[in-house]
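*Asks:* One structure, as structure tokens, below. Some questions next.
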Amino acid sequence: MSSARSSHRLTHAHLVWAVGAFAYLCAVSARASFGVASVEASVRFGVDGAMLSLFGVVQLGTYAAAQIPAGLLLDRLGPRRMLVLGAVIMAAGQVLLAVSTDLPAALVARLLTGVGDAATLISVVRLIATWFPTRQVPVFTQLTTMIGQFGQAVAAVPFLALLLGVGWAAAWASLAFLLLLSVLLVIAFVRDSPPDEPGTSPAPVARAGQVLKDVFTSRPAWSGFFLHWMTLMTVNSFLFMWGVPYMTALGISATEVGALLTINVVIMVALGPLIGVFTGHFPHHRALLGWIAGAILTLTWSLTLLVPAQLSAWQLLPLITAMAIGSATCSVGFDLARTGVPHRAIGTATGMVNIGGFSASLLAVLLIGIVLDLRTGEGAAGLTDYRVAMASQLVLMIAAGIGLWATTRDRLSPPAPPR
């Protein structure tokens, strides 16, 4: 390949990736938006803690359940079509939520959000694996998740401002518009593979049964599953559902909440590329990164919840930082799975890893809601109630640690060189 041709392909690859990353940012905005709107939602739909947690359970449960079907469709249809399909479904969910006045319609709206969201990140990861050299894949995967997390900032600042200033319908309609904009960009600029290498797309398409066997018999894929679980579970339960109510119980204002969530994204953005570079250069230490992030999360959560005094917004910064570390590290799970399965199964393997973090997040969201209701009955939850409920996540962190140890115990050290 000539120098000019190589340079053109690299430029095209960066454009494809940038559009895919923007599509993921839009998806995260739709995904995280209900977390900052949970207080308003409880008033609009007249629901208590357990029913409010049902929104998170429906969205996260649908997202997790749709990962394998979405991965199989991705390996068959290609990432461009899946990005368009996912964004259109999510946009429909935002429009429905904008006009919903009853609980069933609102739950259907979040179900649609979960279904569409399931197709997005795995499609972008597949694009990266196809368009970029192997050693650059971890870096661009980290950059994608890093950029995508700005969607949390979109939810925490402009979306929340619209929600409080203009109203429910306008805020959700703005997210639908953002998602449809991503559809237009994907149609215009994204292609499944480099035009000079059409063979990079899987042809012929592997049978679904073979792809599933490739994925579910792969120990690296299972390692990615448990690493994703360990590093993302408490982050999602906080950001998607219970973080804002918990901080409200601490007496933290809406402005301070927005600032903390934005700081979370900024720290994650700073760490993401560093973790990507480390992953690319030291692939045998990927599981170790998961252990470090999991330990930091567990220790920081424990210290935060054990402090008896009322915490200020800035005293939550260690916890916010720990969750940023978890967010930045969870993508290492995708790289573990990517290198442990054939190319034909990358989409499905990425979906399997996503199931780890998001199915555990679903359980955490539901568990916290149940504990709150058991402690408060019909009354309002206080700060002590939130501390006990948040602490219940520890059992799920222990389960993730056992799973990661079981799938990596003979691979924590670099393999011996061949004789």
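*Asks:* To the nearest 10 square angstrom, how much accessible area does residue 334 have with a 1.4 angstrom probe?
*Replies:* Residue 334 exposes around 10 Å² with every protein chain in place.
*Asks:* Going by a ≥ b ≥ c, the root eigenvalues of the Cα gyration tensor, does region 1-150 fall in the rounded group (a/c under 1.5), the prolate group (a/b larger than b/c) or the oblate group? Can you show the working numbers first?
*Replies:* Details: a/c = 2.87, a/b = 2.47, b/c = 1.16.
It comes out prolate by the Cα gyration axes.
*Asks:* To the nearest 20 Debye, how big is the dipole of region 226-382 about its Cα centre, given +1 on the beta carbon of each Lys and Arg and -1 on that of each Asp and Glu?
*Replies:* On the way: 4 positive and 4 negative charges, 87 e Å.
It comes to approximately 420 debye.
*Asks:* What number, rounded to the nearest 500 deg cm²/dmol, is the helix-based mean residue ellipticity at 222 nm of the chain, given -39500 (n - 2.57) per DSSP H run of at least four residues and division by all its residues?
*Replies:* Working: 21 runs with 323 residues, N = 419.
It comes out at -25500 deg cm²/dmol, rounded to the nearest 500.
*Asks:* From the phi of every residue in region 242-251, what ³J(HN,Hα) in whole Hz does the Karplus formula 6.51 cos²θ - 1.76 cosθ + 1.60 yield, where θ is phi - 60° and glycine or proline is x?
*Replies:* 9, x, 5, x, 5, 5, 5, 5, 6, x
*Asks:* Ordered by packing density, taken as the mean number of other Cβ atoms within 10 Å over each peptide's residues, highest first, how do 341-349, 216-224, 123-131, 93-101 rank? Walk me through the numbers before you get to the answer.
*Replies:* Working: 341-349: 24.3, 216-224: 21.8, 123-131: 27.2, 93-101: 20.2.
Result, highest mean first: 123-131, 341-349, 216-224, 93-101.
*Asks:* Let me ask you something else. What is the magnitude of the charge dipole of region 67-134 about its Cα centre, with +1 placed on the Cβ of each Lys and Arg, -1 on the Cβ of each Asp and Glu, and no other charges, expressed in debye to the nearest 20? Mind dumping the intermediate values first?
*Replies:* Numbers: 5 positive and 3 negative charges, 48 e Å.
In total the dipole reaches around 240 debye.
*Asks:* Report the chymotrypsin sites (Phe, Trp or Tyr not before Pro) located in region 233-311 that are in a DSSP loop and have at most 13 other Cβ atoms inside 10 Å of their Cβ, or state none. Walk me through the numbers before you get to the answer.
*Replies:* Working: sites: 238, 240, 242, 246, 278, 291, 301; in loops: none.
Counting only loop positions with at most 13 other Cβ atoms within 10 Å, none of the chymotrypsin sites (Phe, Trp or Tyr not before Pro) in region 233-311 qualifies.
*Asks:* Residue by residue through region 81-98, what is 3J(HN,Hα) from phi via Karplus (6.51 cos²θ - 1.76 cosθ + 1.60, θ = phi - 60°)? Round to whole Hz and write x for glycine and proline.
*Replies:* Those phi angles translate into 5, 5, 4, 5, 4, x, 5, 5, 5, 5, 4, 4, x, 5, 5, 4, 5, 4 Hz.
*Asks:* Placing +1 on the Cβ of each Lys and Arg and -1 on the Cβ of each Asp and Glu in region 234-385, which of 292, 320, 304 has its Cα farthest towards the positive end of the resulting dipole?
*Replies:* Result: 292, furthest along the dipole toward the positive end.
*Asks:* Within a Cβ distance under 11 Å of residue 187, other residues only, what is the Lys/Arg minus Asp/Glu net charge?
*Replies:* Charge balance in the 11 Å sphere: +3.
*Asks:* Here's a follow-up. Placing +1 on the Cβ of each Lys and Arg and -1 on the Cβ of each Asp and Glu in the chain, which of 268, 236, 101 has its Cα farthest towards the positive end of the resulting dipole?
*Replies:* Checked the options; the winner is 268.
*Asks:* I've got another one for you. Shape of region 37-114 from its Cα gyration tensor (a ≥ b ≥ c, root eigenvalues): rounded if a/c is under 1.5, otherwise prolate when a/b > b/c, or oblate? If you can, show how the numbers build up before the last one.
*Replies:* Details: a/c = 3.78, a/b = 2.03, b/c = 1.86.
Because a/c hits 1.5 or more and a/b exceeds b/c, region 37-114 counts as prolate.
*Asks:* Got a sec? Charge dipole of the chain, +1 on Cβ for Lys and Arg, -1 for Asp and Glu; which of 188, 371, 86 is way out at the positive end?
*Replies:* The residue sitting farthest along the positive end of the dipole is 188.
*Asks:* How large is the charge dipole for the chain, taken about the Cα centre, if only the Cβ atoms of Lys, Arg (+1) and Asp, Glu (-1) carry charge, to the nearest 20 debye? Show your work: numbers first, answer last.
*Replies:* On the way: 22 positive and 15 negative charges, 265 e Å.
Here the size comes out at about 1280 debye.
*Asks:* A further question follows. For region 149-259, what does the alpha-carbon gyration tensor say about shape, rounded, prolate or oblate, given a ≥ b ≥ c as the root eigenvalues, a/c under 1.5 as rounded, and a/b over b/c as prolate? Display every interim value, and only then the final one.
*Replies:* On the way: a/c = 3.52, a/b = 1.55, b/c = 2.27.
Verdict is oblate for region 149-259.
*Asks:* Calculate log10 I(q)/I(0) of the chain for q = 0.09 Å⁻¹, where I(q) comes from the Debye formula with a single equal point scatterer on each Cα and nothing for solvent.
*Replies:* -0.51
*Asks:* Roughly how many Å² is the accessible area per residue of the chain, as a whole number, for a 1.4 Å probe? List each step's numbers first, then the result.
*Replies:* Working: 16140 Å² over 419 residues.
Ligands and nucleic acids excluded, the result is 39 Å² per residue.
*Asks:* If you don't mind, another one. For 235, 108, give the ranking by accessible area with the largest first, probe 1.4 Å. Could the numbers behind the result be given before it?
*Replies:* On the way: 235 0, 108 75 Å².
Sorted descending by solvent-accessible area, the residues read 108, 235.
The values are calculated or read from the model by the stated rules, or taken from the named source; none is laboratory data. Quick caveat: nothing in here was measured; it's all calculated off a predicted structure. In this analysis, Cβ positions are derived from the backbone assuming ideal geometry, glycine residues included, and neighbour counts consider all displayed protein chains. Areas reflect the complete protein model, heavy atoms only, side chains present, ligands, DNA and RNA absent. Shrake-Rupley method; radii C 1.70, N 1.55, O 1.52, S 1.80 Å.
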